[in-house]
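Quick notes on the structure that follows.
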Amino acid sequence: MNKIAHIIGAGISGLSAGVRLANAGYTVHVHEATQQLGGRCRSYYDAATDLVIDNGNHLLLSANHHVLAYARVIGSEAGLVGPKDAQFAFVDIRTGQRWLLDLGSGRLPLWVFDESRRVPDTTLGDYLALSPLIWAGTAKTIGDTIPCKGTLYDRLVQPLLLAALNCDPPEGSAGLAGAIVRETLLAGGQACRPLIARDGLSGVLIDPAVKFLEGKGGSVRIGRELRSLDQAAGRVTGLRFGGDETVALGPDDVVVLAVPPRPAMALLPGLTGPTKFRAIVNAHFRITPPKG
């Protein structure tokens, strides 16, 4: 009997869930309420700059094996490109000071022992002071675990965790921050190579996934807002979309809600989730780089 999976939400989480289920033998149907696929991980044409731009700055690191495996399955791994070594150029706008953080290409964080490769004006002891963060539990905040001050914090830890957690680091989860440090900085330069989507987020991570799912007999449809779930005997029996359309589910069918917390909690009363959020503002501009 054909197994069917309905994915609610066509962001990167919904599409990746669909790809995984399609490989597990399900026929996957993805339903997206808006008119765009990809959610915050997409590309679009911007008339003001006359460019196709990505919705936000999405920088991958080579340690993100889940994204690399996803791209490999949908046939777009070659579209994630970057340098051979993990080197990051920094500039302090307040002072004009510039430096290069050189993590190398090895599997050990040997760069912390080399004054010329680490953050200027930091010592080995500064990095050792981060050790409580490495194995911290999820119940603690970063501010409760390490001192959120000093040269190393200002020049590396704060911008790294702000970019990864999308909140002011002292308020963020120490458990999540510890996982980031373990899987990147502690894993050496081989885990920290920066990667970007050469042909844009949609061209590398979204459109190939849609093609993959359709090639497996599935579908991806936009403008389909899920209004409610029919439930009986502890399981979902039907999906109710706008326009009074109802999709009945068989006993072996599955439903994945790959949506933000608010709509998820509205669809499933009793479901708990976050209620406070931090806004992210993306500013895009066009510039002709100076020669050299």
_I need the phi-derived Karplus couplings for the stretch 148-160: 6.51 cos²θ - 1.76 cosθ + 1.60, θ = phi - 60°, integer Hz, Gly and Pro marked x._
8, 6, x, 4, 5, 4, 5, 9, 9, 5, 5, x, 5
_Can you return the lysines within cross-link range of residue 216? Criterion is Cα-Cα under 17 Å, with same-chain partners fewer than 8 residues away left out._
3
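Write out the trypsin sites (Lys or Arg not before Pro) in the stretch 40-81 meeting two conditions: DSSP loop, and at most 11 other Cβ atoms within 10 Å of their Cβ. Mind dumping the intermediate values first?
Details: sites: 40, 42, 72; in loops: 40, 42.
Filter output for the stretch 40-81: empty list.
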*Considering amide H positions built from the backbone, and no H for Pro or chain starts, which residues 5 or more places from residue 104, or on another chain, come under 5 Å of its amide H?*
86
*At 0.890 mPa s and 25 °C, Stokes D of the stretch 1-107 from Kirkwood alpha-carbon radius, µm² per second*: 143
*Mind checking which aspartates and glutamates have their Cα closer than 19 Å to the Cα of residue 149? Skip sequence neighbours fewer than 8 apart in that chain.*
92, 121, 126, 168, 171
*Quote to one decimal, in nm, the extra length available between residue 72 and residue 183 on full extension: 0.36 nm per residue of separation minus the C-alpha distance between them.*
37.9 nm
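Can you pull the semi-axes for the stretch 83-192, root of five times each eigenvalue of the Cα gyration tensor, sorted largest first, whole Å? If you can, show how the numbers build up before the last one.
Working: eigenvalues 93, 56, 33 Å².
After scaling each eigenvalue by five and taking roots: 22, 17, 13 Å.
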*C-alpha center-to-center spacing [the stretch 20-35, the stretch 157-228] in angstrom*: 19
*asked:* 5 Å is the cut-off here: which amide hydrogens, built 1.01 Å from N in the peptide plane, fall below it relative to residue 255, excluding neighbours closer than 5 in sequence?
replied: 6
*Estimated FRET transfer efficiency when R0 is 45 angstrom, pair residue 105-residue 271 (beta carbons, to 0.05)*: 0.55
*asked:* One quarter of the convex hull surface, Cα atoms only: what value does that give for the chain in nm²?
replied: 18.9
*Rounded Å value of the spacing that divides the Cα centres of the stretch 270-292 and the stretch 95-133*: 27
*asked:* I need the peptides 107-119, 240-252 ranked by packing, meaning the mean over residues of other C-beta atoms within 10 angstrom, with the highest value on top.
replied: 107-119, 240-252
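Computed FRET efficiency, Cβ-Cβ of residue 51 and residue 24, R0 41 Å: what is it to the nearest 0.05?
Details: r = 38 Å, r/R0 = 0.94.
Result of the calculation: an efficiency of 0.60.
Since every read-out is calculated from the coordinates, none of them should be taken as a lab result. Note that the coordinates shown come from a computational prediction; the quantities given were computed from them, not determined experimentally. Cβ sites come from the backbone with ideal geometry, for glycine too, and all protein chains shown count toward neighbours.
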